[in-house]
Amino acid sequence: MSRFVRASKYRHVFGQPAKKEYGIENVKVTNSAWDTNIISASGQYIGVNWNASGGGAFAILPLPSPFQTISGFPQKLPDSLPLARSHTAAVLDTDWSPHNDSVVASGGEDGKVMIWKVEESQFEGWGSEGWVPQDFDPVARIDASPRKIGQVLFHPTAANVLASASGEHTVKLWDLANPEEARSVLGGHGDAIQSLAFNPTGTLLATTCRDRKLRIFDPRTNGEAVRVVDGHGGIKGSRVAWMGDLDKIATTGFSKMSDRQVAIWETGGLGNVKTIALDQSSGVVMPFWTDNNILFLAGKGDGNVRYYEYESDTLHALSEHKSSDPQRGMCFLPRRALNVAECEIARAYKVHGASIEPIGFIVPRKSDSFQSDIFPPAASSEPSLNASEFFAGKSAPRNLVDLSSGVSYASSATPPSIPTPAPTISLPPPSPAVAPVPSRSNSYNTPVASPVVPKQEPAPLTQQASPSPSPVAESKRSQTTDSDASSALKEENARLTSELREAREKIRNLEVQVESIRANTRKAAEMLSAGLQ
């Protein structure tokens with residue numbers, strides 16, 4: 001019996017853990033029971049929730065690599081090191097700005113949100129003789145809630161816009177340039193908010209909640225969700241991740257029988273596309289999406305990381321990275337900071353015991369050249385709009401970066417291509433001849449028109465003003481024409497795809513506005529009927 005094997009360029013992806021000397025040891029991880037990822041990463045640094053006395057703190061450390069050591073930085077951390085300490089209670093969550101690798105936000109049990117700016121000079125001389133650790137100081141403090149702040153999340157396209165989820169069961173959006181008052185407050189949650197995620201352009205926000213509901217909000221409209229649906233049946237932790245530009249949402253959670261599940265939802269009406277039972281372990285599953293259409297699933301307390309490729313509304317299991325060390329937390333590196341020379345399509349940072357371990361997920365390839373088929377453009381560090389424009393209602397596609405050249409461009413535009421030099425054919429130097437022979441005088445390049453020369457004495461050997469093109473020249477002209485036609489077709493395809501994506505985005509925004517108007521109408525009708533009674 002023949003067996004069909006699905007073709008996939010990611011079928012042989014494997015996880016490469018870093019050598020011990022490449023990781024970070026002596027990490028004092030927080031003892032807080034609050035369910036977050038514990039660790040977060042930018043293109044330069046990582047943040048780890050720390051077990052500190054006398055208030056809350058988190059550590060800011062240079063970014064480790066699975067391929068080399070951190071230059072000038074100790075592999076084993078000293079017992080006393082600089083921390084971000086200004087919280088008066090445990091730090092529950094951190095998130096790095098997608099537009100500045102040196103800016104990080106933190107939220108804590110004290111109800112505060114703080115913004116921190118990291119300078120490279122703060123890591124000079126770590127562990128050397130006479131070195132005195134100096135703690136980091138926040139550049140902004142926000143009294144976000146009288147209760148704890150469980151999650152913080154930067155906006156993907158608007159600069160200096162931050163979302164925070166509080167124990168008041170609300171999500172607040174802040175303009176960090178004017179943080180005195182929240183610009184938007186999203187309510188309607190019946191219990192503690194467990195996770196939140198923006199769509200790629202930041203026009204929609206999805207949340208999961210302890211009341212077992214999945215909600216979608218318009219983040220710029222104060223009020224309740226525009227779409228609500230029953231999520232996973234279990235009351236344990238549920239997480240949400242937006243699946244790039246696919247108009248799909250992935251959630252993880254538990255069934256009523258405590259089976260761990262992963263589910264896919266379409267964003268139009270929040271209909272369930274597919275639900276898959278994973279196993280019956282008790283740890284919360286953390287989902288991570290990459291633009292390679294791969295969904296990574298890492299369960300707390302598990303030693304393995306599963307990964308699936310999404311295609312045709314189906315999650316196809318690729319493989320899993322196995323380890324004997326159970327993970328307490330995990331995060332993934334922004335794709336723009338990956339090592340493309342090693343064919344690294346994703347990188348995870350795993351917290352286990354007292355260690356931080358980088359894990360590179362690699363597609364095995366023999367070629368040393370850039371593999372464009374496994375490296376789609378990544379989200380750029382350049383914002384598409386500022387906070388004022390975002391809260392005024394403006395929307396813009398995210399900026400992308402070409403990982404081969406580092407060139408950034410708007411996602412609605414065709415990515416700039418680097419011209420590659422055409423192959424040249426080297427010819428031997430011409431040998432002296434008694435008389436010019438037409439077949440030898442032709443060049444292998446495409447013939448160009450020569451200037452008109454006044455007619456001299458007629459001679460049989462000089463009548464070659466318009467030589468017939470050689471077969472090589474004809475072949476090159478044909479190849480050039482085919483290449484131009486192919487480039488034109490690719491540009492047209494990219495333009496049409498961009499227009500289709502923009503049209504879908506406009507339709508979604510209109511649907512959200514209609515749902516918001518309906519929700520306000522229902523509330524007004526309820527208030528009116530209550531007043532009449």
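Of everything in region 164-189 that's aliphatic (A, V, I, L, M) and modelled with pLDDT of 95 or more, which residue is most open to solvent (accessible area, probe 1.4 Å)?
VAL185
When you look at PRO78, is it more than 28 Å from the chain's Cα centre (by Cα), modelled with pLDDT under 95 and open to solvent by less than 30 Å² (accessible area, probe 1.4 Å), yes or no?
When the stated conditions are applied, PRO78 does not pass them.
For the structure I just gave you, tell me whether GLY268 is on the phi > 0 side of the Ramachandran plot, touching a helix residue (DSSP H, G or I) at 6+ places or on another chain (Cβ under 9 Å) and surrounded by fewer than 20 Cβ atoms within 10 Å (Cβ to Cβ).
Taking the combined requirement at face value, the residue does not satisfy it.
Could you check region 370-385 and list, in sequence order, the residues that are open to solvent by 30 Å² or more (accessible area, probe 1.4 Å) and either under 19 Å from the mean Cα position of the chain (by Cα) or within 30 Å of ASN49 (Cβ to Cβ) (or both)?
SER372, ASP373, PRO376, PRO377, ALA379, SER381, GLU382, PRO383, SER384
Which of (1) under 30 Å from GLU25 (Cα atoms); (2) out of contact with any helix residue (DSSP H, G or I) (no Cβ under 9 Å at 6 or more places or on another chain); (3) among the hydroxyl-bearing types (Ser, Thr, Tyr) does SER355 not meet, given it meets every other one?
Going through the list (1) under 30 Å from GLU25 (Cα atoms); (2) out of contact with any helix residue (DSSP H, G or I) (no Cβ under 9 Å at 6 or more places or on another chain); (3) among the hydroxyl-bearing types (Ser, Thr, Tyr), SER355 breaks only (2).
For region 120-155, enumerate the residues that are crowded, with 21+ Cβ neighbours inside 10 Å, of a type outside the set (A, V, I, L, M, F, W, C) and touching a residue at least 40 places away in the same chain (Cβ under 8 Å).
Residues satisfying the conditions are LYS148, GLY150, GLN151, HIS155.
Quick test of your reading of the structure: ILE249 fulfils all but one of (1) modelled with pLDDT of 95 or more; (2) over 30 Å from ARG336 (Cβ atoms). Name the failing condition by number.
The one condition ILE249 does not meet is (2).
Take the residues in region 396-416 that are touching an Asp or Glu at 6+ places or on another chain (Cβ under 7 Å) and within 21 Å of HIS155 (Cβ to Cβ); name whichever of them is least open to solvent (accessible area, probe 1.4 Å).
Looking at the filtered set, the residue picked out is ASN399.
Could you tell me which residue of region 190-217 is nearest to ASP35 (Cα to Cα), considering only residues that are charged (D, E, K, R) and either open to solvent by less than 20 Å² (accessible area, probe 1.4 Å) or in a strand (DSSP E or B) (or both)?
Filtering first and then ranking leaves LYS213.
Can you tell me which residue among GLY15, GLY47 is of a type in the set (Gly, Ala, Ser), open to solvent by 10 Å² or more (accessible area, probe 1.4 Å), closer than 21 Å to ALA298 by Cβ and part of a strand (DSSP E or B)?
GLY15
Tally the residues that are crowded, with 23+ Cβ neighbours inside 10 Å and more than 14 Å from ILE294 (Cβ to Cβ), restricting the search to region 243-253.
Qualifying residue count for the region: 4.
Does ARG220 satisfy the condition of being touching a His at 6+ places or on another chain (Cβ under 9 Å), in contact (Cβ under 8 Å) with a residue 12 or more places away in the chain, open to solvent by 30 Å² or more (accessible area, probe 1.4 Å) and of a type outside the set (Gly, Ala, Ser)?
Answer is no for this residue.
Does HIS87 satisfy the condition of being assigned to a loop (DSSP other than H, G, I, E, B) and surrounded by fewer than 23 Cβ atoms within 10 Å (Cβ to Cβ)?
Criteria not met by HIS87.
Confirm whether THR94 is among the β-branched types (Val, Ile, Thr) and open to solvent by 30 Å² or more (accessible area, probe 1.4 Å).
no
Out of region 173-216, which residues are among the charged types (D, E, K, R) and within 24 Å of GLY269 (Cα to Cα)?
Within region 173-216, ASP191, ARG210, ASP211, ARG212, LYS213, ARG215 meet the criteria.
The values are calculated or read from the model by the stated rules, or taken from the named source; none is laboratory data. Remember, it's a predicted structure, so these values are computed and weren't measured experimentally. Neighbour counts run over all protein chains shown; Cβ positions are idealised from the backbone, glycine included. In case anyone asks, the SASA skips ligands and DNA or RNA and just uses the protein heavy atoms, side chains included. Shrake-Rupley method; radii C 1.70, N 1.55, O 1.52, S 1.80 Å.
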